[in-house]
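Structure, as structure tokens:
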Amino acid sequence: MSATRPQDHSDLNLQQIITDLDNGALYDARGHLHSLYPTEIALLLRSLPIDYRYKLWSIMAPEAMGETLAALHGEVRTGLIERTSVADLVAAANQLEPREMADLVADFSAEVREKVLKKAGDSRLEAALSYEGDTAGRLMSPYFVPIHGDVTVDETLDYLREQKNMPANLDSLVVVAKNNRYLGKLSVPTILTSDPNAKVSTLMTRTEAIPINMHVAEVATIFEQRNILSASVVDEHEVVVGRITIEDVLEVVREEVDHAMLTSAGLDEEHDLFAPVMVSAKRRAVWLGVNLFTAFLASWVIGLFEATIDQIVALAVLMPVVASMGGIAGSQTLTLVIRGLALHQISSSNAMAFLFKELSIGAVNGIVWSIVVAMIAAAWFSNVPLGMMLGGAMIINLSCAAIAGVMIPLFLHKRGIDPALAGGVFLTTVTDVIGFMSFLGLATIFLLA
């Protein structure tokens, strides 16, 4: 029997919950709901139409709300918060660790936030709220196990046995000097396999800690490059203030993937999949309007060559070929640059080298495919000069598409605009305009001269 795929499992949960709600079997629905992990419940809530979602939320036990809300984001979370009593929100928030609590209470009203802070009575929560949302300070957990370098392995083991609460996924201890100043880390396997009389200072690894204000994308890059499971976070005085684990980083990576995929279509990962029709239509209308403007711009360029098209009707048939090939080639380059910017692989120091490389690829592909399309067009319309004009336009457009695919995202990134959101619209405009202009312009010059 084949293994059940993750999406099959999610589909079964969704189908079961909808069936229970349709049949009024709320007790069964609640039992099934509480057999799931918080992240699975969050996925289920995001996947349900609004009426089903709120009905399911109304039967959820308050003790399960905290971690579920922490796993949600955007409009789905705020919609559920609006339909939850103040008492349940305060109780739900106080089930979470400071990092998750700080992220959640940011969506609460001022009144509820004040009550949460009053009940929590934890300075670590206030500290977490003071950090910006996309920094290591907000991502980290304040719980870590510090140990001094002048103690032995045997003393370290005794110290660990005395601890009542240990951080989850503990793979290493933080070696500190006085006032918790960071020195390095000592892995748990090293503790278990070393001489009991050995000093911690002789066994620790002197790895760099993560600054508290580092952006979460850079944190994810460090974890990938160093192949680590956890890292200490330090303030400007090198004092250890928290710890980030690979689990935290995976959440960042998932959010980055969602962001890149949705913004490429002019959407936002904060939006509700089942938001009201008019709300969703209004959001999408903005980018449809932008695209309409660029489409009229391309049409205007075509209109400049109306007389040429009237005399050679075949031009109208072949025009989309040039624009389409340029769009595909440019999109390939654009995707690489956006990914390179996200992973910090492309910067001002190597951008020109990458530009020349992509321009060379565009020229090579332009020459190869120009020969192919020229032969096809010449045979199709029994017009060799027409095929040559099509091939020449292909070379021009693919080369320009490579340049635009590099320069547009770099320019947008420098201006603080997300290239994944706006890059595709500008690239399409460039490839359409240049494609039409080069093909029709060459035809006007050489075929109608």
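The values are calculated or read from the model by the stated rules, or taken from the named source; none is laboratory data. Because the structure is a prediction, the values reported are computed rather than measured. Glycine gets a Cβ as well: all are built from the backbone with ideal geometry, and neighbour counts include every protein chain shown.
For this structure, a couple of remarks:
- Between 202, 190, 207, 221, the distinction of being surrounded by fewer than 21 Cβ atoms within 10 Å (Cβ to Cβ), within 26 Å of the chain's Cα centre (by Cα) and more than 14 Å from residue 142 (Cα to Cα) belongs to 221 only.
- The number of residues in the stretch 31-52 being within 22 Å of residue 90 (Cβ to Cβ) and at pLDDT 85 or above comes to 4.
- Among (1) out of contact with any Asp or Glu (no Cβ under 7 Å at 6 or more places or on another chain); (2) in a helix (DSSP H, G or I); (3) crowded, with 18+ Cβ neighbours inside 10 Å, the one test that residue 333 misses: (1)
- Options 233, 216: the member that is surrounded by 15 or more Cβ atoms within 10 Å (Cβ to Cβ), under 25 Å from residue 253 (Cα atoms) and modelled with pLDDT under 90: 216
- Given (1) crowded, with 18+ Cβ neighbours inside 10 Å; (2) farther than 22 Å from residue 16 by Cα; (3) not charged (D, E, K, R), index of the condition residue 106 fails: (1)
- Residue ID - nearest to residue 142 (Cα to Cα), chosen from residues in the stretch 228-245 that are of a type in the set (A, V, I, L, M) and assigned to a loop (DSSP other than H, G, I, E, B): 229
- In the stretch 355-388, the residues that are within 35 Å of the chain's Cα centre (by Cα) and polar (S, T, N, Q): 360, 365
- Screening the stretch 2-112 for helices (runs of 4 or more DSSP H) wholly inside it with 2 or more residues that are closer than 26 Å to residue 138 by Cβ returns the ranges 38-47, 65-70, 74-82, 86-93, 98-105.
- Looking across the stretch 297-347 at every residue that is among the hydroxyl-bearing types (Ser, Thr, Tyr) and either at pLDDT below 85 or out of contact with any Leu (no Cβ under 8 Å at 6 or more places or on another chain) (or both), the one that is nearest to residue 396 (Cα to Cα) is identified as 324.
- Yes/no for residue 185 being modelled with pLDDT of 90 or more and of a type in the set (Lys, Arg): yes
- Any chance residue 84 is more than 24 Å from residue 209 (Cα to Cα) and either touching a residue at least 40 places away in the same chain (Cβ under 8 Å) or of a type outside the set (A, V, I, L, M) (or both): yes
- Candidate set: the stretch 304-323, residues that are of a type outside the set (A, V, I, L, M), part of a helix (DSSP H, G or I) and in contact (Cβ under 8 Å) with a residue 40 or more places away in the chain; chosen: the one surrounded by the fewest Cβ atoms within 10 Å (Cβ to Cβ): 311
The rows are residues; the columns are (1) assigned to a helix (DSSP H, G or I); (2) of a type in the set (Phe, Trp, Tyr); (3) touching a strand residue (DSSP E or B) at 6+ places or on another chain (Cβ under 7 Å).
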site: 175; (1), (2), (3): no, no, yes
site: 179; (1), (2), (3): yes, no, yes
site: 191; (1), (2), (3): yes, no, no
site: 247; (1), (2), (3): yes, no, no
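- Checking each residue in the stretch 340-356 for being part of a helix (DSSP H, G or I) and surrounded by 14 or more Cβ atoms within 10 Å (Cβ to Cβ) picks out 340, 341, 342, 351, 354, 355.
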